[in-house]
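The values are calculated or read from the model by the stated rules, or taken from the named source; none is laboratory data. The structure displayed is predicted, hence computed values, not measured ones. Here the Cβ positions follow ideal geometry from the backbone for every residue, glycine too, while neighbour counts run over all protein chains shown.
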Amino acid sequence: MPDFMVDFSSTVSFVRTGHDVSPMQYEYCPEGTGNCIQAAKHELNLTLVNLSLGGSYYFNDWIGVRLMLPIRIVISDAGFLDANDDIIENFVSGHHRDETLFGPGDLSLSAITRHSGQFSSKLSWFVSTTFGITVPTGNVVDNPEIVGMWKDEHQHMFFGRGMPAPTLGINASLRMDWGFVESSFSAIIPFLETGSKEYLPPEGREFHEMYDWDPYDSGQYLAPTIITGGAGVGSNFGTDDWTLTALTQVQHETQAKWQGFESRNSGRTGILAGVRSSLVIGNGLIAELSIKIPVYLRMPTENSQLEMPFLLGFGFYFTGDL
């Protein structure tokens, strides 16, 4: 019998990041204005809200399709420090600024398979696989490295990949009389870069060379590969409507590339641990709340920092038959 699921989920995190400033990252200083004040460090306090709207339709017990649209919100509070780590008041930068960004990410379309069975009366198994593609509905900005090298105002944060990217995933679980064990794996593997895009710099600016970039091309973007794995152990503790699960998650995001060169201040590796609580609140309706604490966070760029005290998640999932 066909069935369906409609879901809404979100994660909220507060991220502190920053990096030392190299001479190539100095702000534009027009000739004749004297010695302009330059920051020694850039710091950002970010509130990241990721919303996901999804829907799944299953033609039978083992195959279906899924659509998912992410919505992103980023609230940025930028700070600029001098060589003594003192805040520079009223500093204006072309790199970062106080702002709120809002928009869709890339739409995801997937095919789903479901398989289940029993090893014994007290041990059952379930496996689900997904294979799909993302559609470039999110935005991509001009290469911030190129624009920044011309001392022009630019944007490092955006929500799209610019080109379709294949996705795959697998979820598996074992259920016993005392509870369950679950695991998951997913990957987004972009391999197509965006086309060239002519960039016309402001008059009177000089390009500060880095790598062998073409200073008049702000395109050729290749989004990062994102690989995520997770595992959990949970139980309903003798109740009918509530479960509690201990979780661990590992995520690796490669550095993005422009014109074949790795983008600075991109990419990360993280390990998180936490708990998830699930509650049946109505016929076919489940609510979830989770919190994860990073135990390891690392960015590949030298002298860059990344701090995130926790990752809060919640969601609602409604299933029904047709």
Out of all the residues in the stretch 103-116, is one or more more than 15 Å from GLY169 (Cβ to Cβ), exposed (fewer than 14 other Cβ atoms within 10 Å of the Cβ) and not basic (Lys, Arg)?
-> yes
Name the residue, out of ARG205, ARG175, that is among the basic types (Lys, Arg) and either at positive phi or modelled with pLDDT under 95 (or both).
-> ARG205
SER278 passes all but one of (1) modelled with pLDDT of 95 or more; (2) hydroxyl-bearing (Ser, Thr, Tyr); (3) part of a loop (DSSP other than H, G, I, E, B); which number fails?
-> (3)
Residue pairs meeting the criteria (Cβ under 6 Å; at least 6 apart or on separate chains; first among the small types (Gly, Ala, Ser), in the stretch 214-231; second in a strand (DSSP E or B) and buried (at least 18 other Cβ atoms within 10 Å of the Cβ)) | GLY230/GLN249
Looking only at residues in the stretch 96-126 that are hydrophobic (A, V, I, L, M, F, W, C) and more than 25 Å from the chain's Cα centre (by Cα), which one is nearest to TRP213 (Cα to Cα)?
-> PHE126
Exactly one of PHE4, PHE14 is over 18 Å from HIS96 (Cβ atoms) and surrounded by fewer than 16 Cβ atoms within 10 Å (Cβ to Cβ), and that residue is PHE4
Picking from ILE88, ILE73, the residue that is more than 28 Å from the chain's Cα centre (by Cα), aliphatic (A, V, I, L, M) and surrounded by 14 or more Cβ atoms within 10 Å (Cβ to Cβ) would be ILE88
Answer with yes or no whether LEU297 is assigned to a strand (DSSP E or B) and within 25 Å of GLY18 (Cα to Cα).
-> yes
Out of the residues in the stretch 209-249 that are among the hydroxyl-bearing types (Ser, Thr, Tyr) and at pLDDT below 95, which is nearest to LYS292 (Cα to Cα)?
-> THR239
In the set GLU27, GLU43, which member is part of a strand (DSSP E or B), charged (D, E, K, R) and farther than 21 Å from GLY103 by Cβ?
-> GLU43
Residues within the stretch 225-263 that are over 20 Å from TYR296 (Cα atoms) and of a type outside the set (Ser, Thr, Tyr), tallied = 16
Report whether or not PRO144 is surrounded by fewer than 16 Cβ atoms within 10 Å (Cβ to Cβ), out of contact with any Lys or Arg (no Cβ under 6 Å at 6 or more places or on another chain) and not basic (Lys, Arg).
-> no
Is there a residue being buried (at least 17 other Cβ atoms within 10 Å of the Cβ), over 27 Å from GLY284 (Cα atoms) and modelled with pLDDT of 95 or more anywhere in the stretch 21-43?
-> no
So which residues in the stretch 157-194 are among the hydroxyl-bearing types (Ser, Thr, Tyr), touching a Phe, Trp or Tyr at 6+ places or on another chain (Cβ under 7 Å) and either surrounded by fewer than 16 Cβ atoms within 10 Å (Cβ to Cβ) or assigned to a strand (DSSP E or B) (or both)?
-> SER173
Among (1) touching a residue at least 40 places away in the same chain (Cβ under 8 Å); (2) of a type outside the set (Asp, Glu); (3) closer than 30 Å to SER56 by Cα, the one test that ASN139 misses | (1)
Of the numbered conditions (1) touching a Leu at 6+ places or on another chain (Cβ under 9 Å); (2) at pLDDT 95 or above, MET308 satisfies every one except a single condition; which is it?
-> (2)
Determine, yes or no, whether SER290 is modelled with pLDDT under 95 and under 30 Å from GLY160 (Cα atoms).
-> no
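How many residues does the stretch 47-56 hold that are under 30 Å from SER22 (Cβ atoms) and either hydroxyl-bearing (Ser, Thr, Tyr) or surrounded by fewer than 17 Cβ atoms within 10 Å (Cβ to Cβ) (or both)? So that I can check it myself, show each step before the final result.
First, the residues of the stretch 47-56 that are under 30 Å from SER22 (Cβ atoms): 47-48.
From what is left, the residues that are either hydroxyl-bearing (Ser, Thr, Tyr) or surrounded by fewer than 17 Cβ atoms within 10 Å (Cβ to Cβ) (or both) are 47.
Qualifying residue count, the stretch 47-56: 1.
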